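The values are calculated or read from the model by the stated rules, or taken from the named source; none is laboratory data. What you see is a predicted model; the values in this text were computed from it and never measured. FYI the Cβ positions are ideal-geometry reconstructions off the backbone, even for glycines, and counts take in every protein chain you see. These accessible areas exclude ligands, DNA and RNA; they are computed on the full protein's heavy atoms, side chains included. Shrake-Rupley method; radii C 1.70, N 1.55, O 1.52, S 1.80 Å.
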Amino acid sequence: MKPFARFSPGDATSYVQVAPLAVIFALFLVVPIATIIVVSFWDYDEFRILPDFIWDNYLYLLTSKVTLATYVNTVKYAALVWALTFSIGFTVAYFLAFHVRTQTWQIVLFVLCTIPFWTSNIIRMISWIPFLGRNGLLNSTLVHLGVVDEPLEFLLFSDFAVVLAFVHLYTLFMVVPIFNSMMRIDRSLIEAAVDAGASGWQVIRNVILPLTKPGIGIGSIFVVTLVMGDFITVRLMSGGQSSSVGIAMSNEIALLQYPAAAANAVVLLIVVLLMVAAMLRVVDVRKEL
Amino acid sequence: MDREGRSPGFYMLAAFFVLFLLFLYGPISTIVILSFQGPDGGLTFPMNGASTHWFANLFERQAVGDFGGSFSRSIRLGLVVMAVTLVVSVSAGLAFRRPFRGSTFLFYLAIASLIVPSILVSLGIGLMFNILEWETNWYGSALGAHLTWTLPFGLLIMFAVFNRFNKAYEEAARDLGATPGQTFRHVVLPIIAPSLIGVALFGFTLSYDEFARSLMTSGSFNTLPLEIYGMTTNVTTPVLYALGTLTTGFSLMVVLLCLVASLVLQRRRRRHGSDAGRGV
């Protein structure tokens, strides 16, 4: 991996080539985040935001019971979605990498898994409505079969729907890096394990799983950060009945309480960075790049 | 993993995989079917006749906001994001092949750009424009917001490409007297071209479908995802599904186009790739 090399005497060409990237990140990432941090200390009234240096936004945020409940709910989503996307993603990647025998089929099936990624997330969420709704396909089938007497209410606009939509949207972020890691595993290692008497399950646990850790790490970082920062999935799929940090922020934005939203954003950013740092301690993803 | 017969595990995994594909494609298929509801049909089954009524409805301006305008804005924005992502990623990818001071910092900045929640980027850019008293608009602030999402993907693809790139080709070109410009144009570019299609696909589709990063940055004119979101709160007819069918179909067309283009490029390369031993 080249970018980690140490300093070498100024190479003007490199700087010219990398300048556009640096300028875009500076203008649209660094300055905006800095703006959020500055504004989180500002004051506001109903109409505008007022430059100031006060801690009130943080004090209010950190002493409110709602904040804790919101974070607990968001972390709950993240944990559930992580566990599900990991289990499904690992199984799918394992099937593709070790049980599909020809490369052509591997590519075809892999592409089939990735295509939905290129389509609209919002449409993919909406597409659950005719399936899960009160008169949806699932309910009418269940009632028709006599499994339940009345349509199940918890299917749509519930935590169940939120988690289902997240898993639907983000399992791919697990499949791709895990599949990538699995394809790099030297097949002779597996043969050696089998020859040494390992069962299929032992091969997965003691050979494949440890060697796929970097891929799992990358997938986990994607899934956890996407869920932690989400608000649209939770809002749409819970029908506005569940809260998340993102929803709290977007409510404050809608009320033009920008400094409050900014303080919320800073806390969220710190929490997300801590979670990523924790995941990086468990797995070193750098060698995967 | 035995070469002869399939283990029972294989069939279980294959069944799981099929279920996974059903899970991925099932819901969107129901939407496509329901978008052809008859004029009196509702949001769920049963089908009340079949018609293209809701597609026609979509193009009547007053009925559902500004579908045409937001669609065209999203396409134009996607194309600009695609072009900028391509040029900037390739250029930066070239720079990262040699060590330079600050490369590690810039690399982590790109990773940070992936990790920072989209709503923060949206809020930050919105606030920045607000304080500077600039108007947010889809071709300025939203463009920047989208680039913070597409560029890291473009850059990571370029890293993967250049890590596998054999420098001998460039050295050969240089030895034969090619200028750096000629080497890039005639040697490097043709070799990396198939991967660039991938970068372009990321650039276009991620921008075309982006919601959170557009929310506070696109100003008074909606992009398509914002328009769709607006519709979810106030539209209760299958016109929503018609829109879903159209935009999904459009995305699939783009993906297909890219797949075909990359297959064609690979085939061409296989045919023209090497003239070793042909005595030319």
Per residue of B:86-96, other chain Cβ atoms within 10 Å number on average 5
Share of accessible surface on carbon and sulfur in segment A:38-181, whole %, 1.4 Å probe and ligands ignored, is 70
Under-27-angstrom lysine pairs by C-alpha in the protein assembly as shown, whenever the two are 8 or more apart or on separate chains:
7
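Ranking request for peptides B:175-188, B:102-115, A:213-226: highest mean number of other beta-carbon atoms within 10 Å first, then the rest in descending order.
Numbers: B:175-188: 12.7, B:102-115: 17.6, A:213-226: 22.9.
Peptide ranking by packing, descending: A:213-226, B:102-115, B:175-188.
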Given Cβ charges of +1 for Lys and Arg and -1 for Asp and Glu, the option among A:VAL203, A:LEU142, B:THR236 whose Cα lies farthest towards the positive end of the dipole of the protein assembly as shown is A:VAL203
Which of these, A:ILE24, A:ILE115, A:ILE232, has the largest mean-square fluctuation under a Gaussian network model of chain A (Cα springs below 10 Å)?
A:ILE24
Between A:VAL30 and A:ALA79, what length in nm is gained on full extension when 0.36 nm per residue of separation is reduced by their alpha carbon distance?
14.7 nm
So the label point goes 7 Å from the Cα of A:ASP52 along Cα→C-beta, right? Which residues of segment A:241-266 then have their backbone N under 15 Å from it?
A:257-263
What is the ratio of the Cα radius of gyration of chain A to 2.2 N^0.38 Å, with N the residue count, to two decimals?
1.23
Under the 0.36 nm per residue contour assumption, what length would be gained going from the current alpha-carbon distance of B:MET253 and B:LEU176 to full extension?
23.5 nm
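Work out how much length A:LEU59 to A:ASN135 would gain on full extension: take 0.36 nm times their residue separation and subtract the Cα-Cα distance, in nm to one decimal.
Working: separation 76, 0.36 × 76 = 27.36 nm, distance 4.59 nm.
That works out to 22.8 nm of additional length.
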Can you tell me how chain B classifies by the Cα gyration tensor, rounded, prolate or oblate, using a/c under 1.5 as the rounded cut?
oblate
Choice from B:VAL239, B:VAL32, B:VAL260 showing the highest fluctuation, given a GNM over chain B with Cα pairs closer than 10 Å
B:VAL260
Tell me which of B:PHE202, B:THR179, B:LEU123 sits at the most positive position along the dipole axis of segment B:121-280, charges placed on C-beta atoms (Lys, Arg +1; Asp, Glu -1).
B:THR179
Could you tell me whether the protein assembly as shown comes out rounded, prolate or oblate from its Cα gyration tensor? Rule is a ≥ b ≥ c as square roots of the eigenvalues, rounded for a/c under 1.5, then prolate if a/b exceeds b/c, otherwise oblate.
rounded
In square angstrom, what is the accessible area per residue of segment A:64-288 with a 1.4 angstrom probe?
43
In chain B, with Lys and Arg counted as +1 and Asp and Glu as -1 at Cβ, which of these residues, B:PHE45, B:LEU22, B:THR148, has the Cα nearest the positive end of the dipole, that is, farthest along it?
B:THR148
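Tell me what the protein assembly as shown gives for mean residue ellipticity at 222 nm when only DSSP H runs of n ≥ 4 count, each as -39,500 (n - 2.57), the sum divided by the residue total, rounded to 500 deg cm²/dmol.
Numbers: 27 runs with 382 residues, N = 569.
Value at 222 nm, helices only: -21500 deg cm²/dmol.
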Interface size B-A, as summed buried accessible area [1.4 Å probe, Å², nearest 100]
8400
If one computes the Cα centroid of segment A:116-144 and of segment A:170-193, what distance in Å separates the two points?
32
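Calculate, for B:TYR108 and B:THR236, the FRET efficiency according to 1/(1 + (r/R0)^6) with r their C-beta to C-beta distance and R0 60 Å; round to the nearest 0.05.
About 0.80, to the nearest 0.05.
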Kindly state, to the nearest 0.05, the FRET efficiency for A:VAL282 paired with A:GLN106, given R0 = 30 Å and r defined as their beta-carbon distance.
0.55
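Please give the charge dipole size of the protein assembly as shown, origin at the Cα centre, charges +1 on K and R Cβ atoms and -1 on D and E Cβ atoms. Round to the nearest 20 debye. Kindly include the intermediate steps, with their values, before the conclusion.
Working: 35 positive and 31 negative charges, 461 e Å.
In debye, rounded to 20, the protein assembly as shown gives about 2220.
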Taking placed amide H atoms and a strict 5 Å upper bound, the residues 5 or more places from A:ASP43 or on another chain that come that close are A:LEU50, A:ASP52
Where only protein heavy atoms count, and the probe is 1.4 Å, what is the accessible area per residue for segment B:38-270 in Å²?
43
Please report how far the C-alpha centroid of segment B:144-172 lies from that of segment A:8-85, rounded to the nearest whole angstrom.
27
What is the sum of charges around A:PHE157, taking Lys and Arg as +1, Asp and Glu as -1, for the other residues whose C-beta is under 12 Å from the C-beta of A:PHE157?
0
